[in-house]
Amino acid sequence: MQIILHELNDFLALRLKKNAVLLDVRSSAEHFKAHIPGALSLPLMDDENRVIIGTIYKQEGREAAVLKGFELIGPLFHEKILKASELAPQKEVFIYCWRGGMRSNIMAWVLQMAGFKVHLLKGGYKTFRRWTIAQLEIPFKTIVLGGKTGSGKTEMLYLLKAAGEQIIDLEDLANHRGSAYGHLGKPEQPSQEQFENLIGLELANLKLTERIWLENESRAIGKVNLPNAIYNAIRNSVQVEMNTVDAVRQDRILKEYGVFSIEDLKERTERIGKRLGGQHLKAALEFLDRADMYGWLSIVLHYYDKTYSHGNDDRKQGTIESVVITWNEPEVEVRKLINAANKVTAVNN
């Protein structure tokens, strides 16, 4: 078989077209910190060996490091081939390391000898990371989907997508719903760097000259922050706001969060205790102790509604178009949102 070296754009496009296995051969720690989205970890060397070889490289030079590398890693080649065969039974893989150097070339050589067709990324992850940072700075047409907590913005985003609109679900990429309760039931959040990688790749797969819907988010979504360009786009773009009555919002919130334990809800309510105020916090916790979910929610929702309204106060007049959403006929309401988007965009252009 053969080894083929690709520039980044060709590497990403061909891998996507083939729906092929993407292997990150850097260390597990490097992969855990951040990687090209979709990549599986198959480290050429573990974290300990990486430190040993790196130290030798600095103290004794490349030749000594290479010899030590083969001493430590050579006996593991059989194991790497078996793992790669398990991950990619079709025997075609796309590989990268940090700079497209020794690690990816060694792994490519090993797998090529075992009958794999190997595609290598020129410049490695470092090149991808530079590309991501640049991607996040490219201007694009944004329209914001707003609405108070419980309006169903995320569900509506996907109905908009089904109707042919472009979306980016920032909360899905962040593994967080964007409130003190937002991580309940979610997997571990990505690192800041990985979150940016995910957004960059999403943008690359969309038409930036056509509008992209984003939820109205604060700068922080859990432990990750929106890149400046994305946050500024949200704050400065026109907004279509879902106007949903309180009773519907409450029912939707309790359907989503009522499945979690009282202790989990209490712990997260205490996180916003200072902002609720001592008396309101005490009352909210007492409602939870009595399993009075509507009583608890009335206090918490009042806080989030005030926060949301305050966030809209500094938006330019005439840039928010409100649409009544009952959730009785979602398909009809999606069309109403699209019409509102066309209207508010036309007025502000």
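The values are calculated or read from the model by the stated rules, or taken from the named source; none is laboratory data. A quick note: this is a predicted structure, and the numbers were derived from the prediction, not measured. No Cβ is skipped: glycine too gets one built from the backbone with ideal geometry, and neighbour counts run over all protein chains shown.
List every residue pair whose Cβ atoms lie under 7 Å apart, where the two residues are 6 or more positions apart in sequence or sit on different chains, the first residue falls within region 61-83 and is farther than 14 Å from residue 104 by Cα, and the second residue, located anywhere, is of a type in the set (Ser, Thr, Tyr).
Taking only residues 6 or more apart or on different chains, the pairs are 65/57.
Can you pull out every residue in region 183-220 that is farther than 19 Å from residue 140 by Cβ and not hydroxyl-bearing (Ser, Thr, Tyr)?
Of everything in region 183-220, those that are farther than 19 Å from residue 140 by Cβ and not hydroxyl-bearing (Ser, Thr, Tyr) turn out to be 183, 184, 185, 186, 187, 188, 189, 190, 192, 193, 194, 220.
With the requirement that a residue be among the aliphatic types (A, V, I, L, M) and either in contact with a helix residue (DSSP H, G or I) (Cβ under 6 Å, 6 or more places away or on another chain) or crowded, with 18+ Cβ neighbours inside 10 Å (or both), what does region 286-316 give you?
288, 293, 297, 299, 300, 301
Can you tell me which residue in region 194-207 is surrounded by the fewest Cβ atoms within 10 Å (Cβ to Cβ), limited to those that are part of a loop (DSSP other than H, G, I, E, B) and at pLDDT 95 or above?
207
Tell me which of these residue 20 doesn't satisfy, since it passes every other one: (1) touching a Ser or Thr at 6+ places or on another chain (Cβ under 8 Å); (2) in contact (Cβ under 8 Å) with a residue 40 or more places away in the chain.
Status for residue 20: all satisfied but (1).
Can you work out which of the residues in region 313-339 that are in contact (Cβ under 8 Å) with a residue 12 or more places away in the chain and among the hydrophobic types (A, V, I, L, M, F, W, C) is nearest to residue 234 (Cα to Cα)?
Within region 313-339, the match that is nearest to residue 234 (Cα to Cα) is 320.
Which residues, taken from region 9-48, are buried (at least 16 other Cβ atoms within 10 Å of the Cβ), assigned to a helix (DSSP H, G or I) and in contact with a Lys or Arg (Cβ under 9 Å, 6 or more places away or on another chain)?
Within region 9-48, 11, 30 qualify.
Is it the case that some residue within region 106-125 is in a helix (DSSP H, G or I) and within 27 Å of residue 225 (Cα to Cα)?
yes
Quick check: anything in region 59-76 at pLDDT 85 or above, part of a helix (DSSP H, G or I) and loosely packed, with under 14 Cβ neighbours inside 10 Å?
yes
Consider residue 177 carefully, then state whether it is at pLDDT below 95 and either crowded, with 17+ Cβ neighbours inside 10 Å or not in a strand (DSSP E or B) (or both).
yes
Considering only region 180-192, state which residues are over 19 Å from residue 219 (Cα atoms) and either touching a residue at least 24 places away in the same chain (Cβ under 8 Å) or surrounded by 20 or more Cβ atoms within 10 Å (Cβ to Cβ) (or both).
Result: 184, 185.
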